[in-house]
Protein chains: 2
Amino acid sequence: MKAPAAISSPSDLDQLCINTIRTLSMDAVQKANSGHPGTAMALAPLAYVMWTRHMRYNPANPQWPDRDRFVLSAGHACILQYVMLYLTGYDVSLDDLKSFRQWGSKTPGHPEYGHTPGIEATTGPLGQGFGNAVGMALAERMLAARFNKSPGAAVPVNHFTYLICSDGDVMEGVASEAASLAGHLQLGRIIAVYDDNRITLDGPSALSFNEDVCERFNAYGWHTLAVEDANDLDAIDAALTAAKGDPRPSLIRLRSHIGYGAPHKQDTNAAHGEPLGADEIKLAKKFYGWPEDAQFLVPDEALAQFRTAVERGAKYETEWRKEFDAFSGAAPDLARTFTAQIAGERPAGWGDGLPAFKPEDGPIATRDASNKALNAIAAKMPALVGGAADLATSNKTDIKDGGSIEAGSLGDRILHFGVREHAMGAALNGIMLHHGFRAFGATFLIFSDYMRPSIRLAALSRINPIYVWTHDSIGLGEDGPTHQSIEQLASLRAIPNMTVFRPADANEAAICWRLAIEHKDGPVGIVCTRQKLPVYSAESVRGAERGGYVLSREASDDPAVILIGTGSEVQWCIGAQKLLKEKGVHARVVSLPCWSLFDAQDQAYRDSVLPPSVTARVSIEAAATFGWERYVGLTGTIIGMRRFGASAPADILFKEFGFTAEHVAEAAVTAIEKSKPYTEIYSPIQRKNKE
Amino acid sequence: MKAPAAISSPSDLDQLCINTIRTLSMDAVQKANSGHPGTAMALAPLAYVMWTRHMRYNPANPQWPDRDRFVLSAGHACILQYVMLYLTGYDVSLDDLKSFRQWGSKTPGHPEYGHTPGIEATTGPLGQGFGNAVGMALAERMLAARFNKSPGAAVPVNHFTYLICSDGDVMEGVASEAASLAGHLQLGRIIAVYDDNRITLDGPSALSFNEDVCERFNAYGWHTLAVEDANDLDAIDAALTAAKGDPRPSLIRLRSHIGYGAPHKQDTNAAHGEPLGADEIKLAKKFYGWPEDAQFLVPDEALAQFRTAVERGAKYETEWRKEFDAFSGAAPDLARTFTAQIAGERPAGWGDGLPAFKPEDGPIATRDASNKALNAIAAKMPALVGGAADLATSNKTDIKDGGSIEAGSLGDRILHFGVREHAMGAALNGIMLHHGFRAFGATFLIFSDYMRPSIRLAALSRINPIYVWTHDSIGLGEDGPTHQSIEQLASLRAIPNMTVFRPADANEAAICWRLAIEHKDGPVGIVCTRQKLPVYSAESVRGAERGGYVLSREASDDPAVILIGTGSEVQWCIGAQKLLKEKGVHARVVSLPCWSLFDAQDQAYRDSVLPPSVTARVSIEAAATFGWERYVGLTGTIIGMRRFGASAPADILFKEFGFTAEHVAEAAVTAIEKSKPYTEIYSPIQRKNKE
């Protein structure tokens, strides 16, 4: 198609390209009748400069390991990113833009990792993309420290992480935490552009926000710059160049005008979250010197200019592959390991050293068993890295001789996230999205609440960071109800694609770690006790790998009652089983360390563990009872916490709140009574007889 | 008991008092064999200066409305606070200190509001107390703007909010958000002391944290000061005086030495979270010039000095009451309203204007109905204030003519929290803890995840902010899975003391608002749709006030199947009921807007709604299925979301994911089939016949 205006100079071509981005964005949002046009219109010049003059990427291979990463933390502006993916030659078509925000399209309402080629992170919930970018930039430097043969060498890892963030992003606490962490680690490969448009959804950002963002980032140890005119290509270009050259993470404050060119909506919140309307679009197109009635117009000259990215990208990757081959010749083992880590492959025999614990060696807390399992794997799997949000001493997650990852020791293995659980969650996502490491993060189970939005995005993105959550119940004792998890287990189990393990003993903990490492499709939480637990034999807990199993079978294979527990409470099921046996009642003990895994087993297996004919069931878990009806039905008994905890030594709390073998045994007797066939008690005829 | 050293000067007495705080703290932690001694030892001089020279409080009446508020955001250091409460004459005894962290004691492991006299906020999860303090200081200024008769007048409201926070607090995103908000609102009545001890749980804070905290707070618009020696009483005194005099919120960075005086543990993380041990305590006491073997020693001179607070406090309150009486004489209505608001009393007739909606007026989104209900109440209840985290336009929560609460208009009613959901949650808690207002906050339901730790603390503290959470399901449409709630309903329902309403139509929404306003014991969430819903008659939904009820009864009063829904999905139960009727199947429709309220009804009522004899049950909710077994049992059918949502128009999403009347009707037929008495299908004999 012909260009709307004659091209007589390079700057004419620049403007043509920029207005192509703007008009495509407006048109796509208008056609969808939904979306966010204003930011794309404002930031088109930035996108143009970044994608054509700065970022190194290969549209033909979005997985090229050394590509620059790009994260749109302001995910609502995704039409900008989709337009750029289309224009620069990724596998995103003009038709895909036309089906923006429609069922089954490649172009959903916010960017989704794994769904659209070239999308590096699922964003939209504000602040998350910022944390992801910090994780990516960290992963890049950690890989460079390990694999680039000499300090400063550029192969195999030498790229930047670009980030666009909004007022909303920099207001979110998770971004503040992540920025502080990035400053601490001096992650100079982050180039963040802060879209200072002074408008948020509800109106001028000054309604709620007037801090000095650059001064704040200076305080974090960042390099900050300002560009006062978002249409000044040279200033943008110079700022990006300066940012790349500075050893600190960089924040470029870019003063922009949301809805630029729309005469009635520019600089207002009306340009933020809804289509401009056909009339306003025409006026904006007129302002741009664009044919007013043309829709989805892509001038040939503009497309040709954008598509130079294809050739450029091929060249980048070819050059890199050549250098990588040379590197591979000089350091074949290193190169092989690099390739394997990027692919997420595990070394052979990674699980060989997993510990087995013996009952006779005495009780052990599952956090300590977790530590042994983690270290056994870490010893054979260098890609495993991680750390805690300032609770490593309590979570027992330090990798032995792993060394602290700091600005000067990025090749080490222990991350120190500080008291920043949310940034930990978002950065773990960034590390996993980057590829190259398997990352874990640790805190108390109660503080999973602080990182929940990041956990959800890991689940939605089907990436698999591992969380070690210890101090998992009232069993943490004296710290009291503010620190004792109650509803966290139920809340985490309710997340789709989330796998929660709560091992009953040290041997289950080792199995959970093995399953966690093998798990691909979503995040995994390993929930551990602070307090010591008895150890069952490795043989008897083998069924844990199916999520739920019969830990202790009744003699007759025909139980009168099933006692179901998880974690530390399984010990009282075992105790109750003994008490019941003394009364001649056969009870089965089922350990259920992972609900989702058990639910995914076939019906026959599930029925073999929980025979449908046995409706006398008791569950026990020192947590909210919410959800347990799934296993005990309407007639069973659920022993759990129906309130918050209390501050006292753990053994006293368990007794006071009814977590004892005696209580389970009592409940079992009641459950047997209640489970007499329903129709005997409630049949309609009997009801009528009563009335 | 005699003092350990002769008092020959005021500074000797100061030191005696300070060392009394230190040694009591060490002894209490040691006796509990659990706790955090180091911060109390470090900050004893600060506490002494604050409690004896600055804070205005009345130990005999911890509820005196014009007292200064004190929040210990570093809640783990609560022994410091308990010691101060005891020493200054609150209803906390030496014996209470001796039962620190024990079952049933007044001195739990973290401060608990409502549990210990003088504790203003439940803290421990880091950063929360910071946000609470911002909410309290905001409430103070909002009350002053409304009730103090002239600008600058000091009656009835004229107090400060003091805050002690740690490295961990200032690292947490929620504190960053709250600090930015406090700077924006210029809340000059906050005096925050940042305990710069350079130690966190895992070791030196430099492991993960080296930003310039004061520079950061300057960027937020705060007044910052530094005291380089935590033992310099004059410097502390001068800093507090300067802070009180500055119109900006103040942060005093206080360089302290954790575990001050313990020769082997000072300035190490060993002084943070565990008792010092008997030997180290002796050495520390020796360093303080204290009898080494004395435990819980309270020198008479020291106690007398602290207890001057009792007389001082009585005087403060007496003076205030005198001034209040004068004020009351001059402005009786204002004074009465003030007293009523502080007491949480509602004006007579507050609910009279609540709207009733008519089916014939057509469908209406529950967010719009919520807006009408909210405004009807707001018009009669000036204490109702609130706002959104930059989504008021979408949440529909603006109070008509309420005016924006800004630094210059603190007497208005609409809060603008910015894109800071977590600070919103923590500040709402602070407003409620302060007393004087009923506060609500709004965002999309999905972003309840961002504020979850604050929601939990509201529930634990049994305070009752109201949350308006809109855009409650895939029904929000094109924004896609990042914005569509799935697991949030289950996750919120699992929290003890949390009340979640999800109204099925406009009239239920009005009832939910009424119940929310009446609710006392814990937070309330009102969950609303973006999309329009049919309206049922006000008469037919009256049962909503019991949490669950029969919305549409089968003709025969003997249902073959029960269809249970909440919110927008109830419409498809009604649709299915019609479809089933055509087939001669009598279905009952139950609307279940509030699980916890329904569960709290007596068994007879619950059985009348969900007759136990009817085991053919279908539930439908466009959310995670987690927990629904409670109402449908093991044999029912749960229609819900077993995955994340997708980006597309809402009507397409509902159809694609099976939320239709047809699907409910189909499921009902299956449920009837499945619900044939259990023993017919699975009796042991039959099983054996099969094998």
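Brief remarks follow.
Quick grid of which residues meet (1) among the polar types (S, T, N, Q); (2) part of a helix (DSSP H, G or I); (3) over 19 Å from B:Ser568 (Cβ atoms):
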residue	(1), (2), (3)
B:Arg346	no, no, yes
B:Asp352	no, no, yes
B:Phe357	no, no, no
B:Glu360	no, yes, yes
B:Asp368	no, yes, no
B:Lys372	no, yes, no
B:Ile377	no, yes, yes
B:Pro382	no, no, yes
B:Gly386	no, no, yes
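- Those helices (runs of 4 or more DSSP H) of the stretch A:33-128 in which 1 or more residues are of a type outside the set (Gly, Ala, Ser) and more than 26 Å from A:His159 (Cβ to Cβ) occupy A:38-49, A:94-98.
- Pairs where the first residue, in the stretch A:390-410, is of a type in the set (Gly, Ala, Ser) and the second is open to solvent by 20 Å² or more (accessible area, probe 1.4 Å) and in a helix (DSSP H, G or I), C-beta under 8 Å, 6+ apart: A:Ser394/A:Arg367; A:Ser404/B:Leu207; A:Ser409/A:Ala145
- Test: A:Ile190 is within 14 Å of A:Gly131 (Cβ to Cβ) and either more than 14 Å from every other protein chain (Cβ to nearest Cβ) or over 29 Å from the mean Cα position of the chain (by Cα) (or both): yes
- Those residues of the stretch B:651-670 which are assigned to a helix (DSSP H, G or I), within 14 Å of chain A (Cβ to nearest Cβ), open to solvent by 20 Å² or more (accessible area, probe 1.4 Å) and not basic (Lys, Arg), in sequence order: B:Asp651, B:Ile652, B:Glu656
- Residue list for the stretch A:648-669, filter: within 39 Å of the chain's Cα centre (by Cα) and of a type in the set (D, E, K, R): A:Asp651, A:Lys655, A:Glu656
- One residue from B:Gly124, B:Gly104, B:Gly109, B:Gly131 being free of Cβ contacts under 8 Å to residues at least 60 places away in the same chain, crowded, with 24+ Cβ neighbours inside 10 Å, small (Gly, Ala, Ser) and more than 18 Å from B:Glu323 (Cβ to Cβ): B:Gly124
- Among the residues of this structure, A:Ala60 does not count as one that is within 14 Å of chain B (Cβ to nearest Cβ) and touching a residue at least 12 places away in the same chain (Cβ under 8 Å).
- Residues that are modelled with pLDDT of 95 or more and surrounded by 20 or more Cβ atoms within 10 Å (Cβ to Cβ), drawn from the stretch A:259-274: A:Gly259, A:Tyr260, A:Gly261, A:Ala262, A:Lys265, A:Gln266
- If the condition is being of a type in the set (S, T, N, Q), open to solvent by 70 Å² or more (accessible area, probe 1.4 Å) and either closer than 26 Å to A:Pro62 by Cβ or at pLDDT below 95 (or both), then the stretch A:283-334 contributes only A:Thr318.
- Check on A:Arg546, modelled with pLDDT under 95 and basic (Lys, Arg): no
- Residue count for the stretch A:82-96, restricted to those that are within 14 Å of chain B (Cβ to nearest Cβ) and of a type in the set (A, V, I, L, M, F, W, C): 0
- Once the stretch A:432-452 is narrowed to residues that are part of a helix (DSSP H, G or I) and open to solvent by less than 10 Å² (accessible area, probe 1.4 Å), the residue that is nearest to A:Thr470 (Cα to Cα) is A:Leu445.
- Residue in the stretch B:214-223 that is facing chain A (nearest Cβ under 7 Å), touching a Leu at 6+ places or on another chain (Cβ under 8 Å), farther than 28 Å from B:Val157 by Cβ and not basic (Lys, Arg) present: no
- Looking across the stretch A:193-206, just one residue is at the interface with chain B (Cβ under 7 Å from one of its Cβ atoms) and surrounded by fewer than 22 Cβ atoms within 10 Å (Cβ to Cβ), and that is A:Leu201.
- The listed residues are A:Ala504, A:Ala458, and the only one of them that is touching a helix residue (DSSP H, G or I) at 6+ places or on another chain (Cβ under 6 Å), modelled with pLDDT of 95 or more and under 30 Å from A:Pro359 (Cα atoms) turns out to be A:Ala504.
- Extreme residue, nearest to the other protein chains (Cβ to nearest Cβ), among residues of the stretch B:226-258 that are open to solvent by 30 Å² or more (accessible area, probe 1.4 Å) and touching a helix residue (DSSP H, G or I) at 6+ places or on another chain (Cβ under 6 Å): B:Arg253
- Cβ pairs under 7 Å, 6+ apart, first in the stretch A:182-210 and free of Cβ contacts under 8 Å to residues at least 40 places away in the same chain, second open to solvent by 10 Å² or more (accessible area, probe 1.4 Å) and acidic (Asp, Glu): A:Ser208/B:Asp390
- Here the strands (runs of 3 or more DSSP E) wholly within the stretch B:496-609 that include at least 2 residues being surrounded by fewer than 19 Cβ atoms within 10 Å (Cβ to Cβ) are B:549-552.
- Helices (runs of 4 or more DSSP H) wholly inside the stretch A:156-241 that include at least 2 residues being under 30 Å from A:Ala330 (Cβ atoms) and at pLDDT below 95: none
- Which listed residue, of A:Ser556, A:Ser568, is over 19 Å from A:Ala459 (Cα atoms), out of contact with any helix residue (DSSP H, G or I) (no Cβ under 8 Å at 6 or more places or on another chain), among the small types (Gly, Ala, Ser) and in the same structural domain as A:Asp607 (by TED's automatic domain parsing): A:Ser556
- Scanning the stretch B:460-515 for residues being facing chain A (nearest Cβ under 8 Å) and of a type outside the set (Gly, Ala, Ser) gives a total of 12.
- Residues of the stretch B:27-62 classified as buried (at least 22 other Cβ atoms within 10 Å of the Cβ), under 23 Å from B:Leu297 (Cβ atoms) and of a type in the set (S, T, N, Q), total: 1
- Applying the criterion of being open to solvent by 30 Å² or more (accessible area, probe 1.4 Å) and more than 26 Å from A:His272 (Cβ to Cβ) to the residues of the stretch B:361-407, the residue that is nearest to the other protein chains (Cβ to nearest Cβ) is B:Pro363.
- Looking only at residues in the stretch A:629-641 that are within 7 Å of chain B (Cβ to nearest Cβ) and out of contact with any helix residue (DSSP H, G or I) (no Cβ under 7 Å at 6 or more places or on another chain), the one that is least open to solvent (accessible area, probe 1.4 Å) is A:Gly633.
- The listed residue being within 17 Å of A:Phe147 (Cα to Cα) and out of contact with any Ser or Thr (no Cβ under 8 Å at 6 or more places or on another chain), out of A:Gly441, A:Gly408: A:Gly408
- Only one entry of B:Thr443, B:Thr499 meets the criterion of being hydroxyl-bearing (Ser, Thr, Tyr) and over 14 Å from the mean Cα position of the chain (by Cα), and that entry is B:Thr443.
The values are calculated or read from the model by the stated rules, or taken from the named source; none is laboratory data. Computed from a predicted structure; not experimentally measured. Please note: Cβ atoms are built from the backbone with ideal geometry, for glycine as well, and neighbour counts cover all protein chains shown. Note: accessible area is taken over every heavy atom of the protein model, side chains too, but ligands, DNA and RNA are not part of it. Shrake-Rupley method; radii C 1.70, N 1.55, O 1.52, S 1.80 Å.
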